[in-house]
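See structure below.
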Amino acid sequence: MSVIYVLLAISISVALCFFAAFVFSVKKGQYDDVYTPSVRMLFEDELLKDSDKHAHNKEKIKQTESTNQ
Amino acid sequence: MANTTCYHCGDECGKNGVQFDEKEFCCNGCKTVYEIFSSNGLTAFYEIEAKAGTTPNELRGKYDFLDNQEIVEQLVEFNEEGVQVVSLMIPSIHCSSCIWVLENLNRLHSAITVSQADFPKKTIRVTYKTEDFSLKTLVLLLGSIGYEPNISLETLEGKKNVVDRSLIYKLGVAGFAFGNVMLLSFPEYFEVEEFWLDQYKGVFRWLMFAFSLPVVFYAAQDYFISAYKGLRSKLLNIDVPIALGVLVLFLRSTVDVALDLGSGFFDSLTGLVFFLLLGKFFQQKTYAYLSFERDYKSYFPIAVTRLDSNGNEENIQIHKIQKGDRILVRSQEIIPVDCILIKGTAEVDYSFVTGESQAVFKESGEKLFAGGKQQSGVLEVEVLKSVSQSYLTQLWGNTVFSKDKASQFQTLTDSIGKRFTVAVLTIAFLATAFWLFHDSSMALNVFTAVLIIACPCAIALAAPFTLGNMLRIFGRHKFYLKNTNAIERLAQIDMAIFDKTGTLTTNQQETILYEGVELTEDETALLKTTLRASNHPLSRSLYDILKSNAIMTLDEFQEHTGKGIEGKVNQHSMKVGSATYVGKEASSELTHTAVYVSSDEDVKGRFVFKNTYREGVKELFDELGTQYKVGILSGDNDGEQKQLEKILPPQAHILFNQKPEDKLECIEKTQKSHNVLMVGDGLNDAGALAQSNVGVAVSENVNVFSPACDGILDASNLTKLPVFLQLSKKSMQVIKLSFMLSLCYNVVGLYFAVTGQLQPVIAAILMPLSSVSIVAFTTVCTNLLGKKLK
């Protein structure tokens with residue numbers, strides 16, 4: 001029957017882990033600004049698409065350079 | 001090209017539109033920003049949100065003080081090994097495009113490594129390498145793309161205070177304990193008389209006890225402190241019965257567990273604290289980007305140009321200005337200290353300080369006061385007093401500004417709390433006395449049970465949720481209040497006093513009337529041509545209204561700063577300017593801003609500039625007049641008296657020529673018989689706003705300066721003020737209804753308690769049930785009320 005002790009210990013330590021994670025996130029200031037990240041996460045694509053284009057252009061230039069040689 | 005809007009900022013392009021890259025722009029400024037974005041691969045700015053840009057302002061010379069390393073040192077947060085980190089407030093952040101472009105600043109300059117925007121606070125944090133880059137270049141770069149940062153004296157003194165996150169921690173602790181205790185007490189709810197459950201109940205109970213410790217001694221400590229403070233100052237606030245309830249819950253449960261009398265009330269205890277903190281958290285709605293505590297500091301520049309004895313210019317911090325220094329004040333700059341004019345003609349706009357909208361002209365040798373804004377031309381002045389001793393800054397020494405209105409006000413909850421505590425204690429003692437007589441073993445049980453069940457959780461939640469929700473509804477309609485306490489005070493208002501200039505009138509449009517001999521067509525053309533050459537704001541607005549298309553070439557043009565302008569064509573001359581300049585006796589009734597015109601030295605007449613009243617002001621007063629007393633306190637002269645009397649209800653008080661101190665005193669006097677709402681806009685109202693029961697600042701753009709106040713109202717919604725006042729009153733009624741509702745729960749609970757049948761499971765059901773139903777009731781009610789605003 002003493003398995004109940006093990007179960008309790010596990011359940012409480014899991015809970016404590018989450019609690020620690022919560023305290024950590026508050027301390028890091030993750031709750032100071034709860035709006036901007038929600039907008040920010042939608043941006044990554046534009047930037048990638050944009051730099052892709054740049055990289056693409058550069059490649060093109062390189063290609064033309066090499067054919068010229 | 002008619003009716004096209006700017007690709008960058010969305011304004012109408014009008015006559016001066018520019019075309020570039022097959023796109024329309026309203027001005028060169030917007031076009032330049034587009035060029036910068038497109039050449040750096042940032043055109044996605046226009047895809048995220050269309051026409052979201054801001055027109056950049058001319059910044060030349062404005063930020064030269066950032067060359068001073070000492071000032072930079074104070075502004076940056078981190079400065080080591082060629083890397084600096086700085087947080088800048090950018091008022092023009094307003095959409096997702098802004099966030100995107102500001103977080104991609106590194107594409108505009110390679111020295112910028114990281115930039116992170118905080119939208120609610122309207123700030124960005126930039127990390128950059130100082131090698132061939134500096135704070136000044138960063139500020140200029142931001143300015144060039146329309147995101148000019150706001151750097152004022154306030155920024156320099158930097159309240160770099162640590163953010164108070166203790167409430168979130170407490171809420172976390174209480175929530176964590178509440179969940180776990182609920183789980184652990186679950187088996188006992190069913191009272192299963194199973195062998196193994198009975199054997200392990202000790203473990204479960206002591207674990208619950210352990211979980212409740214941080215809740216009582218950490219999460220709930222504010223209630224104990226507040227109750228202690230209240231008792232010490234002989235006040236029975238609502239926190240007294242709460243603290244008593246928590247304490248009794250904890251002690252009784254501990255005794256129950258220790259003596260194996262029962263499972264205790266740890267579930268109710270942790271739940272109670274969790275709900276209470278939740279209410280507190282909800283009430284704490286803040287508008288991070290608005291400041292309600294502003295004084296002259298957020299309006300003054302942080303540095304000025306000082307001239308040393310050799311005539312060299314040098315940028316120094318404003319605090320280092322000493323008596324006897326010579327400083328330069330450029331066009332559109334604020335005069336930071338009281339001083340004597342040495343060189344140049346001053347045309348000073350004191351509207352922020354006095355409310356008087358007409359600019360004042362000063363000759364060299366005359367005294368200038370701090371807070372005025374130089375309109376045109378450069379001034380050289382000698383300092384008479386340091387910043388802190390100047391007239392304007394001394395106004396802030398008044399004790400009114402250090403007073404906290406919220407702490408002096410007894411809220412409805414607190415006044416109920418007093419009667420409630422008395423009632424609960426009476427019932428508890430009566431019940432105990434009865435049981436002592438009847439069955440003394442039950443007496444202590446009943447006494448504690450009454451205190452536990454009567455813990456006014458629902459009452460304490462009614463106000464935070466009602467007012468917190470109302471605060472949000474107001475915010476959605478552009479009325480931003482500092483805290484929920486302001487709504488309670490707003491509900492008690494019975495007199496509303498308004499400032500005139502900038503509050504009832506708008507600065508955005510003027511009516512210009514012509515008085516005098518009618519001008520011939522030729523004269524009008526000459527006048528318009530002359531005005532065209534001048535940059536003075538009055539010339540510009542006059543130029544815009546004159547109907548003449550004949551533009552001539554001037555043979556001669558002269559601008560006499562602070563007096564007027566003169567233009568000559570074909571032997572005809574045209575003078576425009578002040579009365580004395582054109583050769584007219586200065587009229588005795590200096591009631592309006594006026595520009596006089598003379599043709600060939602013959603005075604023709606004058607153009608009178610009048611402020612226009614905001615739309616709906618008459619209706620506003622009609623509506624307010626039926627329920628409230630209304631008054632006007634204006635710093636302006638009495639030229640508008642007749643017009644105001646037409647708008648106002650007949651018995652209204654109107655006072656003119658009120659200096660800032662006069663306004664403060666007047667409010668103080670009125671407060672003896674009334675609860676006063678002051679509505680103002682500028683620094684000149686700051687004293688009155690602070691003294692009044694509720695001070696509301698009206699602002700055309702909530703991001704720019706508004707003085708210290710309890711709330712900021714967007715000028716477009718000024719006419720909704722009566723509705724806001726009415727809703728505040730209704731909110732108080734909602735709170736009163738919630739009190740009735742929660743009293744019903746208490747009566748049911750008290751029945752169980754007094755009869756000695758209170759089981760932990762009943763408390764655990766009753767307490768959350770009452771809290772949740774109160775929250776639901778107040779939310780539904782306030783949302784229904786909020787519909788009135790549409």
Cβ-Cβ below 7 Å, separation at least six or inter-chain, first residue in segment B:231-253 and surrounded by fewer than 17 Cβ atoms within 10 Å (Cβ to Cβ), second at pLDDT below 90 and not in a loop (DSSP other than H, G, I, E, B): which pairs?
B:L231/B:V240
Of everything in segment B:32-50 that's in contact (Cβ under 8 Å) with a residue 40 or more places away in the chain and away from chain A (no Cβ under 14 Å), which residue is nearest to the chain's Cα centre (by Cα)?
B:A50
Pull out all pairs, ordered by first then second residue, where Cβ-Cβ is under 7 Å, the residues are six or more apart or on different chains, the first lies in segment B:515-535 and is outside any helix (DSSP H, G or I), and the second is charged (D, E, K, R).
B:E515/B:R606; B:G516/B:K604; B:G516/B:R606; B:V517/B:K604; B:L519/B:K604; B:S534/B:E559
Name the single residue, out of those in segment B:256-271 being in a helix (DSSP H, G or I) and in contact with a Leu (Cβ under 7 Å, 6 or more places away or on another chain), that is surrounded by the most Cβ atoms within 10 Å (Cβ to Cβ).
B:L269
Restrict the check to segment B:157-166 and report whether at least one residue is at pLDDT 85 or above and either within 14 Å of chain A (Cβ to nearest Cβ) or exposed (fewer than 15 other Cβ atoms within 10 Å of the Cβ) (or both).
yes
Looking only at segment B:617-631, decide whether some residue is closer than 26 Å to B:D662 by Cβ and modelled with pLDDT under 75.
no
Return yes when B:V734 is part of a helix (DSSP H, G or I) and surrounded by 20 or more Cβ atoms within 10 Å (Cβ to Cβ) and no when it is not.
yes
What about B:A715, is it among the small types (G, A, S) and more than 15 Å from B:A496 (Cα to Cα)?
yes
Filtering segment B:1-37 for residues that are assigned to a helix (DSSP H, G or I) and at pLDDT below 80 leaves a count of 2
Say whether the condition of being of a type in the set (V, I, T) and not in a helix (DSSP H, G or I) is met by at least one residue in segment B:448-457.
no
Taking segment A:13-37 and keeping only residues that are more than 9 Å from every other protein chain (Cβ to nearest Cβ) and part of a helix (DSSP H, G or I), one is left with A:S13, A:V14, A:C17, A:A20, A:A21, A:F24, A:S25, A:P37
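The values are calculated or read from the model by the stated rules, or taken from the named source; none is laboratory data. Fair warning: this is a prediction, and the values are worked out from it, not measured in the lab. Glycine also receives a Cβ, built like all others from the backbone with ideal geometry; neighbour counts cover every protein chain displayed.
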